[in-house]
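The values are calculated or read from the model by the stated rules, or taken from the named source; none is laboratory data. What you see is a predicted model, and the numbers here were worked out from it, not measured in a lab. Cβ coordinates were reconstructed from backbone atoms using ideal geometry, including for glycine residues, and neighbour counts include every protein chain displayed. Only protein heavy atoms, including side chains, enter the accessible area calculation; ligands, DNA and RNA are left aside. Shrake-Rupley method; radii C 1.70, N 1.55, O 1.52, S 1.80 Å.
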Amino acid sequence: MPFEFGWEDTEEIGIQLQEKYPEIDPLTVRFTDMHKYITGLTGFTGDPAKSNEGLLEAIQMAWLDEYNDAK
């Protein structure tokens with residue numbers, strides 16, 4: 001069974017987004033696009049309707065940390 005994660009796993013989502021989209025600066029991504037990126041990640045099991053601005057901001061910051069670490 002593949003590794004599964006949901007909305008509450010902000011750090012894991014940030015890592016996954018950085019691995020899948022290493023060329024994208026997270027601060028340039030609209031939340032609507034980020035939502036699509038997240039729900040399309042392999043292993044993501046969260047309910048797409050359960051996201052909110054606070055979660056997306058936390059994920060964006062986790063992704064930004066990973067993005068900056070990779071530079």
Ratio Rg/Rh, restricted to the chain and using Cα atoms, in which Rh is the Kirkwood radius: 0.93
Residue among T28, I13, L64 farthest towards the positive dipole end of the chain, charges placed on Cβ: T28
Heavy-atom accessible area per residue - the range 10-70, 1.4 Å, Å²: 58 Å²
The chain, relative contact order [Cα under 8 Å, separation at least 6], %: 52 percent
Within a Gaussian network of the chain (alpha carbon springs, distance under 10 Å), most fluctuating of G54, G46, G14: G54
Between the range 43-71 and the range 10-25, the Cα center-to-center distance that results, in Å: 8 Å
